[in-house]
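The values are calculated or read from the model by the stated rules, or taken from the named source; none is laboratory data. Note that the coordinates shown come from a computational prediction; the quantities given were computed from them, not determined experimentally. Reconstructed Cβ throughout: ideal geometry from the backbone, glycine too, with neighbour counts over all protein chains shown. Areas reflect the complete protein model, heavy atoms only, side chains present, ligands, DNA and RNA absent. Shrake-Rupley method; radii C 1.70, N 1.55, O 1.52, S 1.80 Å.
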Amino acid sequence: MKTIIVTGTPCTGKTTVAKNIAKLLKFKYIDVNKIIKSNNLSTYYDKKRKTNVVDTNMLNKVLSNIIEKSSKGLVIDSHLSHYLSNKLVDLCIVTKCNLKILQKRLRTRKYNESKIRENLEVEIFDICLNEAIENKHNIIIIDTSQKVNYKEIINKIH
């Protein structure tokens, strides 16, 4: 069994990458947003940032339980997935994106200007990547601004 997490700034292509890898490897795809909703893991709504704030400790407990019970390989999709213990994760894929493309994607999703600026700063400072490094994950970086070579990724996984 393998557990792969896909993390990155919102709109950098995590879901597309995660779903494609899960399909190619015949792994189960896990949408963490659904896990958060079904387990009521939002602690409050931040009106200023227009986002739900998630209890990452509780999320990690729920995800750890899913990983431990799974008899099948998993691909876990979330910008919060890199908070999982590296002992539970075989590979961390960090999605990155050109800032102009990212800004366009964020606008298409109707993010407000302060949220767009916040997410661009997260990407500029490589927050998800740096936190994944701090958590000592085995990391592959994928630039989704360009055509993603899934065969190359699958070869790195095997």
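Taking amide H as placed 1.01 Å from N in the peptide plane, the amide H of residue 139 sits under 5 Å from that of 92, each at least 5 places away or on another chain. Compared with the alpha-carbon gap, the fully stretched path from residue 49 to residue 64 is longer by 2.6 nm at 0.36 nm per residue. Beta bridges assigned by DSSP with both partners in the chain are antiparallel in approximately 20 percent of cases. Taking every Cα-Cα distance in the chain and sorting them into 10 Å bins from zero, the calculated P(r) comes out as 11, 40, 38, 12, 0 percent.
Note on the stretch 94-152 and the stretch 1-75: Cα centroid distance 16 Å, given to the nearest whole angstrom. Surface exposure of the chain, expressed per residue as accessible area with a 1.4 Å probe, stands at 60 Å². Note on surface exposure: 56, 144 rank 56, 144 by accessible area, highest first, 1.4 Å probe. Only aspartates and glutamates eight or more places from residue 100 in sequence, or on another chain, were considered; those with a Cα closer than 20 Å are 113, 118, 121, 123, 126, 143. Among 87-99, 116-128, 2-14, the peptide with the highest mean count of other Cβ atoms within 10 Å heads the list, and the full ranking is 2-14, 87-99, 116-128. Of all aspartates and glutamates in the structure, the ones whose alpha carbon falls short of 20 Å from that of residue 2, not counting any fewer than 8 places away in one chain, are 31, 68, 77, 90, 152. Shown here for the stretch 16-47: trypsin sites (Lys or Arg not before Pro) in loop regions (DSSP other than H, G, I, E, B) with at most 11 other Cβ atoms within 10 Å, namely 26, 47. Separation of the alpha carbons by more than 22 angstrom is noted, of 34/87; 110/147; 19/151; 47/115; 61/87, for 34/87; 110/147. For the chain, carbon and sulfur atoms together expose 50% of the accessible surface, with a 1.4 angstrom probe and every protein chain in place. Could you work out the helix-only [θ] at 222 nm for the chain, with each DSSP H run of four or more residues adding -39,500 (n - 2.57) and the total divided by the number of residues, to the nearest 500 deg cm²/dmol? Value at 222 nm, helices only: -13500 deg cm²/dmol. Where is the GNM fluctuation largest for the chain (alpha-carbon springs, 10 angstrom cutoff): 147, 104, 115? Of 147, 104, 115, the Gaussian network model singles out 147 as fluctuating most.
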